[in-house]
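Worksheet: one structure, shown below.
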Amino acid sequence: MGIRELRRKIEKERKYIIQRFIKQRRRNILAKPGANEFIIVLDNLSPLFNIGKIFRSAEAFGAHEVHVIATEFFDPAPSKGSFKYVPAKFYVDFDDSYNNLMDRGYTIFTMEPSKGESLYTLKMPLKSAFIFGNERDGVSFNWEKINGIEAIHIPQYGHVESLNVSNVASIVMYEYIRQHGKGLNP
């Protein structure tokens, strides 16, 4: 396969993903907040891989909603249908999401590989929001200069300082549910 054929194939797949996203976003309008108060904030994630997986975990753990920042579309296929059940709020940049969360009384946490309190010693407030940054670049803003954002990390044994963002999001949601979960049969 030559470069031209590859480009055509990629463009065709991109158009298909956008069509699928538009169809699923229409269904998302009817989504109701989950059983728990936590909110997931996805800051400038790649549209093709992790966002759908995080929606799947958010639905499984009863997230109140998911904020999607600086992402025009994403592939909903990895969500396995869960995108229609978790309210999604789309923002052009982090500022509007931040203001929304602060106005509603949320405590905001960002994941930093080796900074802040350990996820396992943190006592999470009921109204917690968790920011997950871009897979390569992290969050799109300097969190240390914004009032009210706290860093947390997941302790790890290995030499690599990061995990896949969808895995980290699932671990954080699980820990929130462990501390505050509503309506689960242990």
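The values are calculated or read from the model by the stated rules, or taken from the named source; none is laboratory data. All of these numbers come straight from a predicted model, not from anything done at the bench. Cβ sites come from the backbone with ideal geometry, for glycine too, and all protein chains shown count toward neighbours.
Residues considered: 114, 170. Of these, the only one that is of a type in the set (Ser, Thr, Tyr), surrounded by 16 or more Cβ atoms within 10 Å (Cβ to Cβ) and either farther than 22 Å from residue 62 by Cβ or out of contact with any His (no Cβ under 6 Å at 6 or more places or on another chain) (or both) is 170. Annotation note: Cβ proximity below 8 Å between a residue of segment 146-170 that is charged (D, E, K, R) and a residue that is part of a strand (DSSP E or B) and at pLDDT 90 or above (sequence gap 6+ or interchain) occurs for 150/107; 150/108; 150/109; 150/110; 150/117. A Cβ distance below 9 Å, combined with a sequence gap of six or more or placement on separate chains, defines the contacts here; from segment 54-69, residues that are among the hydroxyl-bearing types (Ser, Thr, Tyr) reach residues that are part of a strand (DSSP E or B) in the pairs 57/40. Could you list, in sequence order, the residues of segment 144-167 that are surrounded by fewer than 11 Cβ atoms within 10 Å (Cβ to Cβ) and part of a helix (DSSP H, G or I)? Correct list: 144, 145.
Within segment 88-96, can one find any residue that is under 24 Å from residue 181 (Cβ atoms) and surrounded by 14 or more Cβ atoms within 10 Å (Cβ to Cβ)? The answer is yes, given that some residue of segment 88-96 is under 24 Å from residue 181 (Cβ atoms) and surrounded by 14 or more Cβ atoms within 10 Å (Cβ to Cβ). Close contacts from segment 126-142, counting a first residue that is outside any strand (DSSP E or B) and a second that is among the hydrophobic types (A, V, I, L, M, F, W, C), with Cβ to Cβ under 7 Å and a gap of 6+ residues or different chains, come to 135/45; 135/165; 139/131; 140/70; 140/94; 141/94.
Of all residues in segment 7-34, those satisfying the criterion of being more than 17 Å from the chain's Cα centre (by Cα), surrounded by 13 or more Cβ atoms within 10 Å (Cβ to Cβ) and aliphatic (A, V, I, L, M) are 17, 18.
Would you say residue 35 is in a loop (DSSP other than H, G, I, E, B) and touching a Gly at 6+ places or on another chain (Cβ under 9 Å)?
It is true that residue 35 is in a loop (DSSP other than H, G, I, E, B) and touching a Gly at 6+ places or on another chain (Cβ under 9 Å).
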